[in-house]
1. Where the second residue is hydrophobic (A, V, I, L, M, F, W, C) and part of a strand (DSSP E or B) and the first is without any contact (Cβ under 8 Å) to a residue 12 or more places away in the chain and lies in region 52-73, which pairs have Cβ atoms under 8 Å and are six or more apart or on separate chains?
2. Can you tell which of Gly12, Gly41 is more than 19 Å from Tyr87 (Cβ to Cβ) and not acidic (Asp, Glu)?
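Throughout, read-outs are computed from the coordinates displayed, never taken from laboratory work. As the structure is a prediction and not an experimental result, all values here were calculated from the model. FYI the Cβ positions are ideal-geometry reconstructions off the backbone, even for glycines, and counts take in every protein chain you see.
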Amino acid sequence: SFERIHRSNLIGMGVLPLMFPVGKGAASLGLTGNEVFEITGLDNAEAKTVKVVATPAKGSPITFDARVRIDTPKERDYYRHGGILQYVLRQLASKAA
């Protein structure tokens, strides 16, 4: 889980906050933090879950669904633009044009 402010800060920096499935975590899934992660399913702007494939340097990929923690339309806008700064800059640029 996330503290609200931490989750909000991640989105503000353009980082997608994801939650493990209920009852699962890094240890129970066998994740070490050294995997390469591929996230699919973000093409749907309203996605609530995405598929994550974690591929270790050695061994088999680990696949699981993760919950997307973008909770408001404004957060979705910020994430789509790559963060709050990019969102604000694009808003200013469109007004100047």
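1. Pro61/Val53; Pro61/Ala54
2. Gly41
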